[in-house]
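Sending over a structure as structure tokens; questions will come in a sec.
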Amino acid sequence: MADDKDLDLPEFSGDAADRNAPVPAHHSSGHAETLADENEKTAVDLEPVFDVPVNVSAVLGKVQLDVHSLLKLKAGSVVELDRKVGEAIDIYVNNRLVARGEVVVVDERLGVTMTEIIKDGDSN
């Protein structure tokens, strides 16, 4: 892998603070400081993709309908989903399951709080 010094990306140069980059946490122990330094390096390495848009979806539930049932739906129809009240919802980034969470209300708008991060291959 190329060293940061080998990369010539003038369009990405500049102060990370100008791009609202996250500020790494400071820890008191020596080992934690090393981890913070590694996290800071990772954040700097990812700086070129900070402005790349991603599609985030929070899925309350799913249902499979045949076309006949779909065409019978009208305003006020109720579609029963595969989730129970209080069950975690799925959070997708670019159609990839990345987390599970809970629905919250923030200033009269719906939001999602993440309760579980899904690692590769751990979708159940």
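Starting from the Cα-Cα distance between Glu87 and Lys62, subtract it from 0.36 nm times their residue separation and give me the gain in nm to one decimal. Spell out each step's value before the answer.
Details: separation 25, 0.36 × 25 = 9.00 nm, distance 1.29 nm.
Length gained between Glu87 and Lys62: 7.7 nm.
Continuing with this model, one more query. How high is the FRET efficiency from Arg109 to Val49, r the C-beta distance, R0 30 Å, rounded to 0.05? Write down the numbers at each step before the final one.
Values: r = 27 Å, r/R0 = 0.90.
It comes out at approximately 0.65.
What's the extension gain from Glu80 to Val98 if we count 0.36 nm per residue and subtract their Cα-Cα distance?
So the extension gain works out to 4.0 nm.
All other residues with a Cβ under 12 Å from the Cβ of Gln64 taken together, and with Lys, Arg as +1 and Asp, Glu as -1, what is their net charge?
Details: positive: Lys62; negative: Asp66, Glu80, Asp82.
With Lys, Arg at +1 and Asp, Glu at -1, the neighbours total -2.
Read-outs throughout are calculated quantities, based only on the coordinates presented, and are distinct from any laboratory measurement. Quick caveat: nothing in here was measured; it's all calculated off a predicted structure. So basically every Cβ, Gly included, is an ideal-geometry build from the backbone, and we count neighbours across all protein chains shown.
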